[in-house]
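Here is the structure we will look at.
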Amino acid sequence: MEIKRGDANRITREYFDSLLIEMRHIDAVLPSTEFELFGEIFSTPIMTAALSHLDHFGYHKDGMVELAKGAKAANAVMWAGMGSENELERILATGAKTIKIVKPEADNDIILKKIAHAENKGCIAVGIDLDHAFNHKGEYDEIENMPMHPKSLDEVKKFVESTKLPFIIKGVLSVTDALKCLEAGVQCIVVSHHHGIMDYAAPPLMVLPKIVKAVGGKMKIFVDCGIESGYDAFKAIALGAQAVSAGRSILEPLREKGGEGVCEAIKTQTTQLAAAMARTSFATITEIDSSVICKEPRYFS
């Protein structure tokens, strides 16, 4: 299959692989991958991505609920994208600590209703996927007959103010948007290009250090797109993210073994993360820093 020159997913993979890791063994200890978020303690900073409609694509007949079961079993954060109120309630019934992400629908009343439902039913956070406002023709997007629309800073502020839950913006890929999120009172952002939603989109890890510096620790930062292993997670955390979301790398395990496969995949990636931490002398997630990251000059100078 021909690979497009501007394929953002290929560019992202190459950037991940261009980042190499120093080893440090003196004074090393057994590491802990424990992760704290919104007052909850998780076993790993590797979370599920905000997926949706998995049954439509043959991953499992009740894919989102199975995904939640896997996240629960791995003691990881579950994210839920599009889906019915009933589906979200069944996800939450698994006991998985869940973050609900809604689409930027043109009708703000619908968005506010979904935010309120997520809060009332027990989600730990809620947010909006702002990078899905346009289609590939530069027109307003439409998803399952629902029109999408970009949101202004004032609109984002209203979403944030509508809930007591931590509010998250997904699809941030610039310092400009990160600072606007900070101004709006957003507590967390997801640095992401939505699996290559735009050709030539910058790799999230390329933009991440600039965003981290700009927001100065005033909000939590997560990374989405291209997380295939615990080593990818380590690199993202070293560059300033608090956690990462794994999407496509857990879909095949979901197809094959349902929630059990998801749990195994998350645990495998967490083991890889622990291995990287052990060989770089980082005892905890919060200690990991960029001093161990080197760039391979063949890829990016």
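The values are calculated or read from the model by the stated rules, or taken from the named source; none is laboratory data. What you see is a predicted model; the values in this text were computed from it and never measured. Cβ: placed from backbone, ideal geometry, glycine included. Neighbour counts: every protein chain shown. Keep in mind that these areas ignore ligands, DNA and RNA; they rest on the heavy atoms of the full protein, side chains included. Shrake-Rupley method; radii C 1.70, N 1.55, O 1.52, S 1.80 Å.
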Quiz item: How would you classify segment 1-48 from its alpha-carbon gyration tensor, with a ≥ b ≥ c the square roots of the eigenvalues: rounded for a/c under 1.5, else prolate if a/b is greater than b/c, otherwise oblate?
Solution: oblate
Self-check item: Under the Debye formula (equal points on every Cα, no solvent term), log10 I(q)/I(0) of segment 1-104 at q = 0.10 Å⁻¹
Solution: -0.44
Exercise. Just the ratio, please: alpha-carbon radius of gyration of segment 249-301 over 2.2 N^0.38 Å, N its number of residues.
Key: 1.54
Quiz item: Do you know the relative contact order of the chain, to the nearest whole percent, from alpha carbon pairs under 8 angstrom that are 6+ apart?
Solution: 26 percent
Self-check item: Residues of type aspartates and glutamates that LYS121 reaches as a straight line, Cα spacing below 15 Å, ignoring anything fewer than 8 places off in the same chain
Solution: GLU85, GLU87, GLU89
Practice problem: Specify the angular offset, from 0 to 90 degrees and rounded to the nearest 10, of the alpha carbon long axis of helix 8-18 from the longest principal axis of the alpha carbons in the chain. | Solution: 20 degrees
Self-check item: Theoretical ellipticity at 222 nm over the chain - DSSP helices of four or more residues, -39500 (n - 2.57) apiece, nearest 500
Solution: -12000 deg cm²/dmol
Quiz prompt | Alpha-carbon centroids, segment 182-215 and segment 79-121: separation in whole Å | solution = 23 Å
Exercise. From the P(r) of the chain, can you give the percent of Cα pairs sitting at distances over 32 Å?
Key: 22 percent
Self-check item: Gaussian network model of the chain, springs between alpha carbon atoms under 10 Å - residue of GLU139, GLU264, GLU183 with greatest fluctuation
Solution: GLU139
Quiz item: Hey, got a sec? Which trypsin sites (Lys or Arg not before Pro) in segment 216-301 land in a DSSP loop and have at most 13 other Cβ atoms within 10 Å?
Solution: LYS218, ARG298
Quiz item: Quick one: accessible area per residue over the chain, 1.4 Å probe, rounded to a whole number of Å²?
Solution: 47 Å²
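Roughly speaking, to the nearest percent, how much of the chain's 1.4 Å accessible area is carbon and sulfur? Write down the numbers at each step before the final one.
On the way: 7200 of 14040 Å².
Carbon plus sulfur share of accessible area: 51 percent.
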Practice problem: When you have a sec, figure out the Kirkwood radius of segment 157-301 from all distinct Cα pair distances and drop it here in Å to one decimal? | Solution: 16.4 Å
